Amino acid sequence: MSKRRTTLAEVAGAAGVSVATVSKVLNDRADVSAETRRRVQKHLRDAEYRPTGSGPAQPREPSRSIEVAVSELQNAYIITVLDGIISSASADGFEVVIGRILSSEGEVVNPQALLRSDLAGAIFITADASSGSIKVLDDAGFPVVVVDPVRLGDSRCISIGATNFTGGVTAAEHLLSLGHRRIAHAGGPTTVDCSHARLAGYSSALRKAGIELDETLVTHSGFAYDAGRGAARDLLDRPDRPTAIFAANDEIALGVMEEARRRSIRIPEDLSVVGFDDTFLARRSSPLLTTVAQPMLEMGRVATRSLAQMITNDVIGTRHIELATRLVVRDSTARLDG
């Protein structure tokens with residue numbers, strides 16, 4: 001009985017890389033690091049890999065499939081970024097596979113599964129770019145782009161974000177321009193970079209206006225509707241409640257608005273509310289939500305273009321790209337009477 005032929009997939013799994021990377025080594029492609037090339041060549045020798053037929057190896061065509069990994073799909077922000085990714089990928093000839101391999105903390109649950117796959121690369125939405133699992137993928141030469149990283153740290157991966165600090169400044173300055181001085185912040189999780197940036201922008205605007213930050217008017221919670229309701233309970237049950245609230249995202253803002261409604265607090269007559277993101281939810285609320293818009297569709301498109309550059313070994317000018325935010329004024333903010 002003849003010995004069973006070792007497959008490219010088995011060599012890739014043993015070497016901890018993708019099938020596409022093994023194919024590149026067999027074809028002597030230049031876009032493989034020296035360390036990865038040596039590791040793959042060792043496993044090819046150990047497995048006594050023999051290509052089918054005579055002559056040089058005939059590996060499959062490089063994959064045109066990319067995975068987009070998310071922590072959840074019931075999220076207006078993630079869905080909008082995903083829309084940008086899919087539209088750009090389609091235009092560039094890539095097929096998108098939707099994965100659910102991010103933990104709630106933004107950790108890549110099983111990076112080895114990606115390395116053993118035949119995927120050309122992956123985009124992670126709100127992943128922890130500083131995590132060990134991202135480093136594993138980066139060290140193996142697997143193309144990765146992170147959109148809106150939970151934490152960036154000293155990560156070497158390509159990441160796409162928005163001007164969160166400037167957005168926080170813009171939100172607070174808008175409320176200040178309407179005469180508000182007692183402005184609360186319903187912030188996001190303390191472990192997330194964009195939460196810190198939005199809080200820092202809000203605080204900077206208050207200081208510039210000569211207003212000392214009142215820490216008791218700052219709450220922290222998850223980026224969720226129910227979290228916004230909880231933050232609003234803390235802020236609106238006070239005898240000296242704020243006249244305006246800047247929420248760290250639209251879902252928190254909508255939760256704040258619902259709690260205000262339950263207390264017969266009118267928006268914007270009694271309370272002004274500003275969100276962050278400008279998801280489709282902001283255009284469906286009642287009243288329509290004033291918010292800081294992130295260019296979510298463009299963030300998805302830029303992420304796809306950046307990943308395509310990595311896959312084809314094109315030069316990428318910068319490792320972290322920030323796109324501009326802008327204020328969208330609707331009906332949830334008004335000038336403070338008196």
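The values are calculated or read from the model by the stated rules, or taken from the named source; none is laboratory data. Nothing here was measured: the structure is a model prediction, and the numbers come from that model. Cβ: placed from backbone, ideal geometry, glycine included. Neighbour counts: every protein chain shown.
Here are some notes:
- Among the residues of the range 181-195, those identified as part of a strand (DSSP E or B) and out of contact with any Gly (no Cβ under 8 Å at 6 or more places or on another chain) are I183, A184, H185, G187.
- Answer from S306, S286 - the residue that is of a type in the set (S, T, Y), outside any strand (DSSP E or B), without any contact (Cβ under 8 Å) to a residue 40 or more places away in the chain and over 22 Å from Y202 (Cβ atoms): S286
- Among the residues making up the range 206-245, those that are outside any loop (DSSP other than H, G, I, E, B) and over 19 Å from V256 (Cβ atoms) are R207, K208.
- Failed criterion for T312 (all others in (1) over 24 Å from V218 (Cβ atoms); (2) at pLDDT 95 or above hold): (2)
- From the options A282, A308, residue that is under 23 Å from I78 (Cβ atoms) and outside the structural domain of Y202 (by TED's automatic domain parsing): A308
- Qualifying residue in the range 261-275 (condition: part of a helix (DSSP H, G or I) and either among the small types (G, A, S) or in contact with a Pro (Cβ under 9 Å, 6 or more places away or on another chain) (or both)): no
- Pick from the range 244-269, criterion crowded, with 18+ Cβ neighbours inside 10 Å and among the β-branched types (V, I, T), ranking: farthest from T325 (Cα to Cα): I267
- Candidate set: the range 85-100, residues that are of a type in the set (A, V, I, L, M, F, W, C) and more than 14 Å from the chain's Cα centre (by Cα); chosen: the one farthest from V146 (Cα to Cα): A91
- Candidate set from the range 315-338 (those that are under 15 Å from R305 (Cα atoms) and assigned to a loop (DSSP other than H, G, I, E, B)); member that is modelled with the highest pLDDT: R319
- Considering S90, S65, the condition of being modelled with pLDDT of 85 or more and either in contact with a Gly (Cβ under 6 Å, 6 or more places away or on another chain) or loosely packed, with under 14 Cβ neighbours inside 10 Å (or both) is satisfied by S90 alone.
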